[in-house]
Amino acid sequence: MSKRRIWSDWNRITVYQMYIEEDKPAKEIAEYFKVCPTKIKNLIHRMGIKKGKNKSCFKKGQKAWNKGLKGVNGFSSTRFDGSNKYPDGTVVTCKWDGTLKKLIYIKGKRIPYHRYVYLKANPDFKGVVKFKDGNYLNCELSNLYGISRAENMLKNSVPSGTARKKSIQIRAGMNRRLRRKYELKG
């Protein structure tokens with residue numbers, strides 16, 4: 001690890017002159033000061049120096065090339081107009097939440113088909129609909145049962161103090177350390 005460099009006022013003025021007035025790249029300035037180019041780039045950023053403007057930006061008062069033109073990007077008949085939605089009552093099978101499930105389209109919205117079937121038989125139900133056999137494609141009423149959200153939470157939670165919970169915590173900690181080390185997202 002290299003030692004931290006303290007930049008004097010003379011150094012800052014020199015960097016400014018070389019970067020702005022002489023239009024030298026950070027790499028050449030770094031060679032002059034015998035430091036890595038990143039240190040020069042960081043110094044330039046800290047000093048708030050900006051070199052020129054982006055050539056692709058609009059200038060003040062400039063109009064867009066397609067202002068006032070209609071249909072420049074293709075025919076309106078080929079654009080998405082929302083008409084390719086499924087009609088109401090259509091049941092489709094697709095991958096949803098990582099598993100194959102049946103969905104039904106009602107009023108332009110898709111809802112899980114098993115929930116629709118269960119709510120048709122029990123219209124006042126406000127909980128979670130589950131499958132008895134675990135098969136997400138078997139949406140017969142005899143295969144469905146409803147539980148409250150509180151019961152579902154208890155069913156899906158891991159009891160405290162168990163070996164499984166401890167192993168989950170250890171694995172999460174290892175993943176966190178790996179993400180930090182390799183600067184991964186997620």
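We did not get these values from a lab; they are worked out from the coordinates using the rules stated. Since this is a predicted model, take the numbers as computed values, not measurements. Quick reminder, even Gly has a Cβ in these numbers, built from the backbone with ideal geometry, and neighbours come from all protein chains shown.
Structure above, values below:
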{"read-out": "The chain - Rg and Dmax from Cα coordinates, angstrom", "value": "31.1, 83"}
{"read-out": "Within the range 97-170, chymotrypsin sites (Phe, Trp or Tyr not before Pro) in DSSP loop having at most 14 other beta-carbon neighbours inside 10 Å", "value": "Phe125"}
{"read-out": "Taking N as its residue count, the alpha carbon Rg of the range 120-186 over 2.2 N^0.38 Å", "value": "1.70"}
{"read-out": "Amide H contacts of Trp96 (H built 1.01 Å from N, under 5 Å, at least 5 apart or other chain)", "value": "Lys101"}
{"read-out": "The range 91-147: Cα Rg divided by the 2.2 N^0.38 Å rule of thumb", "value": "1.07"}
{"read-out": "For Cys139, Cys94, order by how many other beta-carbon atoms lie within 10 Å, fewest first", "value": "Cys94, Cys139"}
{"read-out": "Label-point gap, in nm, between Lys51 and Ser142 - each point 7 angstrom along Cα→Cβ", "value": "7.7"}
{"read-out": "Axial C-alpha extent at least 24 Å, average Kyte-Doolittle at least 0.5 - helices from the chain (DSSP)", "value": "none"}
{"read-out": "Taking Arg115, Arg176 and counting other C-beta atoms within 10 Å, the order from fewest to most", "value": "Arg176, Arg115"}
{"read-out": "Computed lengthening from Lys59 to Val158, 0.36 nm per intervening residue step minus Cα-Cα distance", "value": "29.7 nm"}
{"read-out": "Neighbour net charge for Pro37 - beta-carbon separation under 12 angstrom, K R +1, D E -1", "value": "+3"}
{"read-out": "Residues Arg4, Arg12, Arg171, sorted so that the one with the fewest Cβ neighbours within 10 Å comes first", "value": "Arg4, Arg171, Arg12"}
